[in-house]
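Below is one structure, written out as structure tokens; comments come after it.
The values are calculated or read from the model by the stated rules, or taken from the named source; none is laboratory data. Remember, predicted model here, so these are calculated numbers, not experimental data. Note: ideal-geometry Cβ built from the backbone for every residue, glycine included; neighbour counts use all protein chains shown. We work out accessible area using only protein heavy atoms, side chains counted, and drop any ligands, DNA or RNA first. Shrake-Rupley method; radii C 1.70, N 1.55, O 1.52, S 1.80 Å.
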Amino acid sequence: MQNALQEPQTIVLLGGTSEIGRAIVDELLAPVTRTLVLACRHPDTAQPERFAREGLTVDVMRFEAADTAGHEQFVRELAARHGDLDVVIVAFGVLGSQSDFDDDPEAAAEAVHVNYTGAVSSTLAVAAQMRRQGHGHIVVMSSVAGERGRASNFVYGSSKAGLDAFAQGLNDSLAGSGVKVTVVRPGFVHSKMTRGLKSAPLAVTPRQVAEVAVAGMKAGKHTVWAPPALRYVFMILRHVPRPIFRRLPL
């Protein structure tokens with residue numbers, strides 16, 4: 001359980017190799033934290049030694065986002081091994097290339113399955129566990145790409161739009177249960193996932209996203225933007241006429 005300073009004893013990162021997710025873990029780790037679970041598809045790439053410190057147990061577990069049938073059992077195993085789950089960060093996802101998706105609809109469907117269906121399934125399983133506990137905090141990594149579909153990444157953007165709507169509704173459904181949800185909407189993030197892509201205005205680093213996310217969690221915000229200025233940018237972009245929007249360098 002988190003203490004009065006909202007410091008968690010147990011943190012779970014679904015998407016254990018995610019740079020943003022790991023940066024959020026760094027920001028959340030506190031002297032009271034006893035357990036960190038890195039859940040990822042390829043446990044041999046998790047590098048748990050990166051978080052090694054006295055008093056902290058780092059457990060690496062195999063997690064397959066696309067295996068929706070196994071998510072409920074996975075979360076039950078998590079709770080059986082580590083007790084109450086204080087913070088769970090849902091940070092896995094597939095960016096992909098829109099041009100590749102245009103040529104391979106099956107690959108597009110697989111990406112959407114991971115980004116949306118897999119996130120829905122695993123997050124609902126986590127929410128059920130936290131309801132049983134009577135407390136917990138879920139952090140859902142969304143994206144500004146879901147705010148308005150763009151020709152350059154509309155498959156990815158549509159999956160994030162669905163996830164964002166799901167997480168907002170989940171947050172409302174958990175009101176009064178002791179469980180909180182924070183939705184994080186980053187813009188362009190300089191990371192391994194975006195390496196080789198053209199940067200965008202107001203680009204940030206994983207560390208900057210983490211700082212905004214954790215500050216928002218502690219402030220009780222249901223949605224945070226990284227950087228915060230993007231909130232106002234998209235208030236305008238939502239209403240830009242489509243012919244003009246198409247020509248914007250987004």
**OP:** Could you size up the charge dipole of the stretch 143-190 around its Cα centre, putting +1 on the beta carbon of Lys and Arg and -1 on that of Asp and Glu, and report it in debye to the nearest 20?
**Re:** 120
**OP:** Calculate, for the chain, the solvent-accessible area per residue in square angstrom, rolling a 1.4 angstrom probe over the heavy atoms of the protein chains.
**Re:** 48
**OP:** Normalise the Cα radius of gyration of the chain by 2.2 N^0.38 Å (N = residues in it) and let me know the number.
**Re:** 0.98
Original post:
Of the peptides 167-174, 35-42, 230-237, how do they stack up when ordered by the mean number of other Cβ atoms within 10 Å, highest first?
Top reply: 35-42, 167-174, 230-237
**OP:** Would you calculate a helix-derived [θ] at 222 nm for the chain, using -39,500 (n - 2.57) for each DSSP H run of n ≥ 4 and dividing by the full residue count, to the nearest 500?
**Re:** -12000 deg cm²/dmol
Original post:
Given the chain, what count of lysine pairs have C-alpha atoms under 29 Å apart, with each pair 8 or more places apart or on different chains?
Top reply: 9
Original post:
Between the stretch 104-132 and the stretch 172-250, how many Å separate their Cα centres?
Top reply: 20
**OP:** Just name one of 204, 178, 219: the one whose Cα is farthest towards the positive end of the charge dipole of the stretch 125-221 (beta-carbon charges, Lys/Arg +1, Asp/Glu -1).
**Re:** 204
Original post:
Quick one: with all protein chains in place, what share of the accessible area of the chain is carbon or sulfur, to the nearest percent (1.4 Å probe)?
Top reply: 54
Original post:
Can you put 247, 148, 131 in order of accessible area, largest first, using a 1.4 Å probe?
Top reply: 247, 131, 148
Original post:
Rounded to the nearest 20 Debye, what is the dipole magnitude of the chain about its Cα centre when Lys and Arg each give +1 and Asp and Glu each give -1 at the C-beta?
Top reply: 900
